[in-house]
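Following: one structure in structure tokens, then a few remarks.
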Amino acid sequence: MYRILLILAGILGLSNAGHPLYRDKIASPKSESADYRLPNNLTVSLYQLVVEPDFVTDTFNGSVSVSFTTWTTTDSIVLHTHELNITTSSIDLLDVNGNVINGVASTQFSNDDRHFYTITFFEPLLGGNSYTISIGYFTGILNLDMYGFYLARYVDEEGNTRKMATTQFQATAARRAFPCFDEPALKARFDISIIRTGEYHSLANTPQVSTQEISPGRFLDVFERSVIMSTYLVAFVVSDYTYVGRDIHRVFGRPQDIARNRGDYALDIGIDIFDGIEEWVGIPYSLPKIDQIAIPDDYFDAGAMENWGLVTYRLVHTSCLWMD
């Protein structure tokens with residue numbers, strides 16, 4: 001309880017602390033910043049995302065469909081994409097009934113740090129209408145730079161190097177995992193599905209609702225539709241980790257750590273802090289689960305990341321798993 005009081009006192013202190021004197025200067029955007037913003041001409045409602053990592057080639061592939069409503073008539077839409085290869089012939093525009101209604105006239109990548117991907121259609125999209133842009137195939141590399149959808153490793157008890165894939169999207173790295181409208185204000189719901197091989201399992205922001213073997217040794221994990229959220233809070237992990245859990249809480253870690261009860265402390269203190277903060281703010285937790293997962297220390301640049309329903313943090317540096 002003493003730990004919880006200290007944590008709550010710290011939060012209260014931060015909430016009452018004055019802003020730094022230079023805050024206003026930092027918060028004032030430069031005039032040219034508008035060049036880096038997406039056109040303000042649509043509202044996004046739903047992403048339907050499928051991603052499959054390949055730990056043999058350290059790559060991934062996927063598909064995504066994005067439903068949106070245009071505010072004005074336009075013949076093009078602009079998304080974000082970075083270090084992804086998109087198969088142009090797999091792009092379709094669908095109406096609200098799922099019918100293909102328009103052809104792609106051209107695509108253009110901005111080739112600068114804006115990461116714009118412009119899709120131009122033969123016929124205009126009418127203002128006030130709803131559409132879905134379907135990108136049927138894209139590929140990317142599971143890099144080791146700890147941003148986007150990336151590769152991590154750990155050594156098991158037998159001395160074998162094990163691979164896993166995890167995400168870090170804050171602030172603008174979701175575009176490295178899938179084409180998207182990667183600005184915080186463009187919130188949407190997410191239907192996430194992960195394809196993985198049998199020796200792995202997958203996690204996402206929401207609970208898994210089904211799994212199915214789609215070919216020998218390949219499984220499709222489907223997750224519940226998410227709440228409305230920004231792209232930078234989307235998270236998913238593919239690993240061979242195990243876990244310890246209670247109620248809606250689970251702590252995932254290396255199998256050797258969980259087998260030695262090294263996840264128990266993170267689970268117990270996490271539940272205590274969770275309950276204490278929920279009582280303090282007077283707002284019930286709105287998601288169906290909250291997972292913690294400890295990423296190997298050399299493969300997680302941030303201290304921790306508050307992905308909705310799937311909190312990631314460093315394995316050793318934060319001491320979130322109790323070590324003997």
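The values are calculated or read from the model by the stated rules, or taken from the named source; none is laboratory data. Because the structure is predicted, anything quoted here is derived from the model rather than measured. Cβ coordinates were reconstructed from backbone atoms using ideal geometry, including for glycine residues, and neighbour counts include every protein chain displayed.
Glu52: under 30 Å from Thr161 (Cα atoms) and in contact with a helix residue (DSSP H, G or I) (Cβ under 7 Å, 6 or more places away or on another chain), yes or no?
Values: under 30 Å from Thr161 (Cα atoms): yes; in contact with a helix residue (DSSP H, G or I) (Cβ under 7 Å, 6 or more places away or on another chain): no.
Considered against the rule, which asks whether it is under 30 Å from Thr161 (Cα atoms) and in contact with a helix residue (DSSP H, G or I) (Cβ under 7 Å, 6 or more places away or on another chain), Glu52 comes out as no.
For a quick check of your reading: which strands (runs of 3 or more DSSP E) sit entirely within segment 224-277 and have at least 1 residues that are among the basic types (Lys, Arg)? Spell out the reasoning first.
Values: elements: 236-239, 242-246, 249-253.
Output list reads 242-246, 249-253.
Considering only residues that are under 16 Å from the mean Cα position of the chain (by Cα) and of a type in the set (S, T, N, Q), look in segment 151-196 and name the one that is surrounded by the most Cβ atoms within 10 Å (Cβ to Cβ).
So, considering only residues that are under 16 Å from the mean Cα position of the chain (by Cα) and of a type in the set (S, T, N, Q), the one surrounded by the most Cβ atoms within 10 Å (Cβ to Cβ) is Thr167.
Is at least one residue of segment 43-54 outside any strand (DSSP E or B), closer than 30 Å to Thr139 by Cα, under 28 Å from the mean Cα position of the chain (by Cα) and modelled with pLDDT of 95 or more?
Filtering segment 43-54 down to residues outside any strand (DSSP E or B) leaves none.
No; the residues of segment 43-54 include none that is outside any strand (DSSP E or B), closer than 30 Å to Thr139 by Cα, under 28 Å from the mean Cα position of the chain (by Cα) and modelled with pLDDT of 95 or more.
Output the residues belonging to segment 197-223 that are surrounded by fewer than 17 Cβ atoms within 10 Å (Cβ to Cβ) and not in a strand (DSSP E or B).
Answer for segment 197-223, where residues must be surrounded by fewer than 17 Cβ atoms within 10 Å (Cβ to Cβ) and not in a strand (DSSP E or B): Gly198, Glu199, Pro207, Pro216, Gly217.
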